[in-house]
Amino acid sequence: MREVLAQAAFQLFLERGFERTTVDDIVARAGVGRRSFFRYFPSKEDAVFPDHERCLAEMTEFLAAADDSDPVGAVSDAARIVLRMYAANPEFSVQRYRLTREVPGLRTYELSVVRRYEQTLAGHLRSRFGEGGDGALRAEMIAASVVAAHNNGLRLWLRSGGEGDPEVAVDQALALVREVWGRPAASTAPAASEASAVPAAPAAPFTVSGDGDGEVVVMVARKGTPMWRVVQQIEAAVGEN
């Protein structure tokens, strides 16, 4: 029934537009009552993203079973679960992508879904790195980097109309994340004697090209880098693009 309702809803969204389609229209097309719709979907927006709850549950289960040997690799593999969900139905995924570009409310809803994925990844990493201090900060930054890398590759594929293998671009972007964050946490900060003798210099930022909404710039700097140097590097990276 959930799938039937989702299909009916999406067909109407494409035919009439999202705003002009009501819940009554959807249940009439599906041949069920209003109560059936709200049993599965709290709102019309949820009907556009019927597979994300299942995917989020699968990601959570995957991370719960992951060992501690490679936390960055684990969250990268967890992100690929989302990618496979999109790739399983290219036509629907491309149509949904185009619809969300046209309806600001759907774009906002999609961003909230993405944030839930990011929080799930960050929660797993905090359980490995620690709930406070640098461990928590590292967890948040890695999770944000993984999501940015995944979304960059996914959107390239969606903009192409679902042509080719989406994992190629996503794997390339995730490889950059692992190159930066795959080292032990201790290696990202200078030794105490080195820090006292030489001012910490920020690592060069790398950019992950985004979609038409704007590029994503991920800045990586040594602990203790002056804020003005960080801002300087970000401004330089943005200016180059």
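The values are calculated or read from the model by the stated rules, or taken from the named source; none is laboratory data. The model shown is predicted, which means the values in this text are computed figures rather than measured ones. Reconstructed Cβ throughout: ideal geometry from the backbone, glycine too, with neighbour counts over all protein chains shown. Protein only, heavy atoms only, side chains kept; ligands, DNA and RNA dropped before computing areas. Shrake-Rupley method; radii C 1.70, N 1.55, O 1.52, S 1.80 Å.
Subtracting the Cα-Cα distance of TYR40 and ALA65 from their residue separation scaled by 0.36 nm leaves 6.2 nm. What FRET efficiency would be calculated for the residue pair ARG20, MET85, taking the C-beta separation as r and a Förster radius of 30 Å, to the nearest 0.05? After rounding, the FRET efficiency stands at 0.60. Remark: the range 1-157 carries 47 Å² of accessible area per residue (probe radius 1.4 Å; ligands, DNA and RNA excluded). Run the quick spin-label model on GLU102 and GLU3: label points 7 Å from Cα toward the beta carbon, then report their separation in nm to one decimal. Here the answer is 2.6 nm between the modelled labels. Between GLU131 and ALA144, residue separation times 0.36 nm minus the direct Cα-Cα distance comes to 3.0 nm.
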